[in-house]
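A short write-up of the structure that comes next.
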Amino acid sequence: MLVVACIKQVPDTTQVKIDPVTGTLIREGVPFIMNPFDTHALEEALRLKDKYGFRVAAITMGPPNSTLTLRKALSLGADEVVLLSDRAFGGADTLATSRVLAEAVKKLGEKEEVVMVICGKQTIDGDTAQVGPGIATRLRYPQLTLVDQIKSVDVNTKKMIARRKLEGHHEIVEVKLPVVITVVREINKPRYPTVPMRLSSEDMPVTTWDNKTMHLDETTIGLKGSPTRVNRIFSPERVKGEIIGDGLKNPEEAAALLANKLVERDIIHL
Amino acid sequence: MEISNWIFLAILAVALIAFVWSCRNKFRLLALGKPEDRSGSGLKRVWNVFVYPLLQRCAVNPFYRFGINHAILFWCFLVLLLANGEFLIHGVLPGATFAAMPNGLYFTLAFAFDIVSILALLAVLLAVSRRLFFPPKYIQARSKDAFIILGMIATLMIAFFGSHSAEIALGEVTAAKYMPVSNWIANTFMGATAESTLEIVKNVFWWLHAIVLLSFLNYLPYSKHMHILTSIPNVYLRNLTGSTSPKREEFKKGNTFGVGKVNDFTWKNLLDAYSCTECGRCSDNCPATKTDKPLNPRLVIHDIKVNLLKNGPQIVDGKPVMLPLIAPHHEGSIEEDVIWDCTTCGACVAVCPVFIEQFPRIIDMRRHLVETEGKFPEELLGFFENMEQRSNPWGITPGDRAKWATGLDVKMFEAGKTEYLLYVGCFGSFDARAKHVTVAIARVLDAAGVSWGILGKDEKCCGDSLRRLGNEYIFEQMAKDNLKTFQAKGVTKIITECPHCFTALKDDYAQYGVKLEVIHHTEFINNLIKEGKLKLNPADLGKTVFHDSCYLGRYNNIYQAPRETVKAATGKAVVEMDRNLERGFCCGAGGGRMWLEESRGKRINIERTEEALKKQPRTICVSCPYCMTMFEDGLKDKNADKDVQVLDIAEVVVKALKK
């Protein structure tokens, strides 16, 4: 039985600078990392592997250099990794991306029963949080977003109980397998690759599936299959705020004034 | 030979066989250790054995004055080896005795044995009273083991006097008048005793001596006094490289990484464990032990020994081991907390009388935890990821490395155009306070007309913290990356700002076959002053204490350069803290502790700051960015940061630079 972790290689946005002239991101020289939320998705898949003996597949759609992130997944304990890479997949929005990923999950399911697909709740570059639910929709699997705890998985009755972290409260849900879940950071603490794992993963293959393997209708994927149109990217202009008190001369008074304002506007409660 | 000789021969044979058997059982376990080369430098090694054990340089130490008592006992022991050798042979062959030698020689020996025996008895009594009435805090002074051995030695001496004075009273000893103590006892207490009683007294004491001596021999291998057998070889085999840098690991599939079980240590590490005398000096100088943390270096070594004795025979027989090496507290196991408490300050190694290498064993076990198990305190995960991805502890953009130089005229290193590389390091590049130090160094170098440059964004972290935290795998990547950069840019002469970078570049990188000329800014600036290249006007910094950085002092023996520099720059000698030079107390940040929470015991930097404040300084002078941070935090904590400033050596010099 297979757990599929969907991971994405993203530019390290903490390192990204914005071109002051054009207002666009300077991508040059920015290191790539595994999307931080996806590290928790992969970790949860690995924990299910440790606990229930599932196999873990990590998949990503992206340019050929995404193998770096898949190699990291192998060094952490993924059993197999698949890179979905083809020019035809490029320029995809969340709809087209979820189509390719869902098809890849189906393809993996031909060899081995898939019990769960785990995604991070969102990526730090796109921040849409749409791909996970998109995969569930394409696969016709139930979906649980924002999971912060998997309480139990029962492969006999094909049921799982998980907890979702919602605003101000939790929701505990029983769901039928197979399921797509998206996870929040609080779900776990990712492990660190051990040296023996790093060394043994060096020889493990990274499978690449292009569209010759996937046979997807090119009008449904990539740029052609993406209805989203980007009109303009811009940094929101910062509106000058109100200066309250004099923090240098009298920090206590300034802090008290600030606290009062926040209470007045119902932002904090004392 | 009479019947009693035959009986003694039988007992002696059993005792000797038992002793050899015990030794064999113990020493064969050393072969379980991994190989390690400690050959070469034979003459130097013999000299060390002469100076340390034979002249007792090991025990005698101005801070441990009682060591002189050990020296006296040791020298007595050497002389009495002769006496006891004769005693054993004489017990089997009545004719074989020193009394059969020419009178001059015999009388001299008899005199020596008599005097030495009373000295040994007094030394033992002193040792017992010390343990009973004024026990040092850093050892379990009232240990059963210690009293058993001291009791045995005292009994041996009493038996010696008992049997010899009875012999004298019987008129059997020609050397009687050369044996003042025995003779006095014979004359004072045995003058009127019947001959038959004297015979009994003589025999009782003789047999008491014989039994206790052979028991002593057989007790040794099972007690801390095993060091009598192992410490001299241990001194002979000491590390002579002058570097305590961890060894490289070979990253090949199938290898083990670090030490997770006792037979992953090398045979020399295991011999170390057998050599511990339980003197407690390492504990007394360990910053973790002194601030009530679980780590006690003596107990680490003790636990390794207990683990070996317990598991060794199982391993020899190919059976599974009984006792895990790293596990929650149990004698023979070492707790993870203990392993993470170490600052690798090196005080334990520096102070050990028998050259045991305590803290490197902790790094061995950290390697196992990090590399094989992926287990370490939570806060290190971010640190490791930052290091791996961005080559600095905080995960700051590598491109910002040269930001400190904004607005300054700093050149990029270019072979042929610049002579020295200033290797700034992560603190000097990114830390707000340390950046001032970097600027100060730049000003001093420029004032002296030194030709220098930096690598800017091409500089990577040296990897010191990673290595000392046991993450050798990533350290190696960094070392190789840096060396590649040095090679590509033609860097051969390097000035470092941080003593940790200094040690890493100089000693750790040398393990990769690259010899770099590395100098720490403290020494470099001191040389500039000596060569007259810096014109200084003594600056008034008030009372200035100097804190020895472990990685400059103990690691690299640089003690005088910073002191001379402060003197040149302020016109006054530094005020010394109570613990200084080789005994300097760590700031608490080394060994990767900078990146770990310090939740157990008192904070080390508070302890050290309090020690500095005792001298009522206006300035605390440091030579390391870690120490700088720890003192500044300590001063804030003690509410003393308004009255006391922390300055790096370079900043002290800048204040004295003639405008």
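Coordinate-derived values only; no laboratory data. Quick caveat, the model's predicted, so the values are computed rather than measured. Quick reminder, even Gly has a Cβ in these numbers, built from the backbone with ideal geometry, and neighbours come from all protein chains shown.
If you plug the beta carbon distance of B:SER451 and A:GLU252 into 1/(1 + (r/R0)^6) with R0 = 45 Å, you get a FRET efficiency near 0.30. Centre-to-centre separation between the Cα atoms of segment B:553-600 and those of segment B:193-229: 51 Å.
The GluC sites (Glu not before Pro) of segment B:444-483 include none that DSSP puts in a loop with a beta carbon having at most 12 other beta carbons within 10 Å. Taking a virtual spin label 7 Å from the Cα of B:GLN511 along the C-beta vector, which residues in segment A:192-212 bring their backbone nitrogen under 18 Å of it? Correct set: A:195-196.
Extension gain for the segment A:MET204 to A:ILE233, taken as residue separation times 0.36 nm less the Cα-Cα distance, is 6.4 nm to one decimal. Each principal axis of segment B:17-163 carries a Cα extent, and these read 50, 41, 32 Å when sorted largest first. Relative intensity of segment B:262-372 on a log10 scale, I(q)/I(0) at q = 0.15, 0.21, 0.22 Å⁻¹, equals -0.59, -1.15, -1.26, per a Debye sum over C-alpha point scatterers of equal strength in the absence of solvent. Distance between the C-alpha centres of segment B:28-56 and segment B:510-540: 35 Å, rounded to the whole angstrom.
Among all the lysines, which ones have a C-alpha under 17 Å from B:LYS319's C-alpha, if same-chain residues fewer than 8 places away are not counted? Reachable lysines: B:LYS261, B:LYS310.
Distance distribution note for segment B:381-656: the fraction of Cα pairs above 30 angstrom is 25%.
Residue by residue, segment B:396-405 carries 3J(HN,Hα) couplings of 6, 3, x, x, 8, 4, 9, 4, 4, 8 Hz when phi is fed to the Karplus relation 6.51 cos²θ - 1.76 cosθ + 1.60 (θ = phi - 60°); x denotes Gly or Pro. Given +1 at the Cβ of Lys and Arg, -1 at the Cβ of Asp and Glu and no other charges, the dipole of segment A:1-151 around its Cα centre is 280 debye to the nearest 20.
Dipole magnitude of segment B:262-372 about its Cα centre, charges +1 at Lys/Arg Cβ and -1 at Asp/Glu Cβ only, in debye to the nearest 20?
200
A Förster radius of 41 Å, combined with the Cβ-Cβ distance separating B:TRP394 from B:ARG65, puts the computed FRET efficiency at roughly 0.30.
Computed 3J(HN,Hα) for segment A:258-267, one whole-Hz value per residue from the Karplus formula 6.51 cos²θ - 1.76 cosθ + 1.60 where θ = phi - 60°, is 4, 4, 4, 4, 5, 5, 4, 8, 6, 8, glycine and proline marked x.
Computed from label points 7 Å out along Cα-Cβ, the spacing between A:ASP217 and B:SER599 is 5.7 nm.
Here the Karplus curve 6.51 cos²θ - 1.76 cosθ + 1.60, taken at θ = phi - 60°, turns the phi angles of segment B:336-351 into couplings of 4, 4, 4, 5, 8, 6, 6, 9, 6, 5, x, 5, 4, 5, 5, 9 Hz, with x standing for Gly and Pro. Set against the 2.2 N^0.38 Å expectation for a compact globular protein, segment A:56-133 has a Cα radius of gyration ratio of 1.08.
When the alpha carbon gyration tensor of the protein assembly as shown is reduced to an equivalent ellipsoid, the three semi-axes, largest first, read 66, 38, 25 Å. Of the residues B:ALA504, B:VAL60, A:GLY222, the one whose Cα sits farthest towards the positive end of the charge dipole of the protein assembly as shown is B:ALA504 (charges of +1 on Lys and Arg Cβ, -1 on Asp and Glu Cβ, taken about the Cα centre). For the pair A:ASN260 and A:ARG185, label points projected 7 Å from Cα toward Cβ lie 3.5 nm apart. Ordering A:GLU28, B:GLU249, B:GLU517 by the number of other Cβ atoms within 10 Å of each residue's own Cβ, fewest first, gives A:GLU28, B:GLU517, B:GLU249.
For segment B:327-452, the pair-distance distribution built from all alpha carbon pairs, in bins 10 Å wide starting at 0, is 10, 27, 24, 23, 13, 3, 0 percent.
For the protein assembly as shown, the 222 nm mean residue ellipticity estimated from helices alone, with every DSSP H stretch of n ≥ 4 adding -39500 (n - 2.57) and the total spread over all residues, rounds to -14000 deg cm²/dmol.
So, R0 is 56 Å and r is the distance between the beta-carbons of A:ARG55 and B:LYS535; what FRET efficiency does that work out to, to 0.05? Step by step, r from the Cβ atoms, then E = 0.15. Overall, the protein assembly as shown carries a charge dipole of about 780 debye about its Cα centre when +1 sits on the Cβ of Lys and Arg and -1 on the Cβ of Asp and Glu, all other atoms neutral.
P(r) tail, segment B:113-240: Cα-Cα pairs separated by more than 19 Å, 60% of all pairs.
Regarding segment A:1-79, what is the average projected area of its C-alpha convex hull, in nm²?
Numbers: hull surface 22.7 nm².
Computed as one quarter of the Cα hull surface, the answer is 5.7 nm².
Placing dummy labels 7 Å off each Cα toward the beta-carbon, the span from A:ILE243 to B:ASN639 is 3.3 nm.
Across q = 0.07 Å⁻¹, chain B modelled as identical point scatterers on its alpha-carbon atoms has Debye log10 I(q)/I(0) values of -0.56, in the order of the q list. Spatial offset of segment B:431-493 relative to segment B:616-643 amounts to 25 Å, using the alpha carbon center of each. Applying Stokes-Einstein at 4 °C and 1.567 mPa s to the Kirkwood radius of segment A:92-169, computed over alpha-carbon pairs, gives a translational diffusion coefficient of 94 µm² s⁻¹.
Per residue, what volume in Å³ does the Cα convex hull of segment B:1-55 take up?
Cα convex hull per residue, to the nearest whole number: 145 Å³.
Using the alpha-carbon positions of chain A, Rg (one decimal) and Dmax (whole number) come out as 21.7, 70 Å. Rounded to the nearest angstrom and listed largest first, the equivalent-ellipsoid semi-axes of segment B:329-386 from its Cα gyration tensor are 24, 14, 10. When the trypsin sites (Lys or Arg not before Pro) in segment B:223-294 are filtered for DSSP coil states and for at most 15 other beta-carbon atoms within 10 Å of their beta-carbon, the remaining sites are B:LYS247, B:ARG248, B:LYS252, B:LYS253. Taking the charge dipole of the protein assembly as shown about its Cα centre, with +1 at Lys and Arg Cβ atoms and -1 at Asp and Glu Cβ atoms, the residue from A:LEU74, B:HIS330, A:VAL155 reaching farthest to the positive side is A:LEU74. Sequence-distant contacts, meaning Cα pairs under 8 Å at least 6 residues apart, place the relative contact order of segment B:262-372 at 29 percent.
The trypsin sites (Lys or Arg not before Pro) of segment B:505-586 meeting both criteria, a DSSP state outside H, G, I, E and B (loop) and at most 12 other C-beta atoms within 10 angstrom of the site's C-beta, are B:LYS515, B:LYS535. For B:VAL575, the residues whose amide H sits under 5 Å from its own are B:THR544, B:VAL545, B:PHE546, ignoring neighbours fewer than 5 places away on the same chain, with H placed 1.01 Å from N. Mind checking the log10 I(q)/I(0) for segment B:563-649 at q = 0.16, 0.22, 0.23, 0.26 Å⁻¹? Debye, one equal scatterer per Cα, no solvent, two decimals. Listed by q, the Debye log ratios stand at -0.62, -1.16, -1.26, -1.53.
When the charge dipole of the protein assembly as shown is built from unit charges on Cβ atoms (+1 for Lys and Arg, -1 for Asp and Glu) and taken about the Cα centre, the candidate among B:LEU80, B:LEU528, B:ILE211 whose Cα reaches farthest toward its positive end is B:LEU528.
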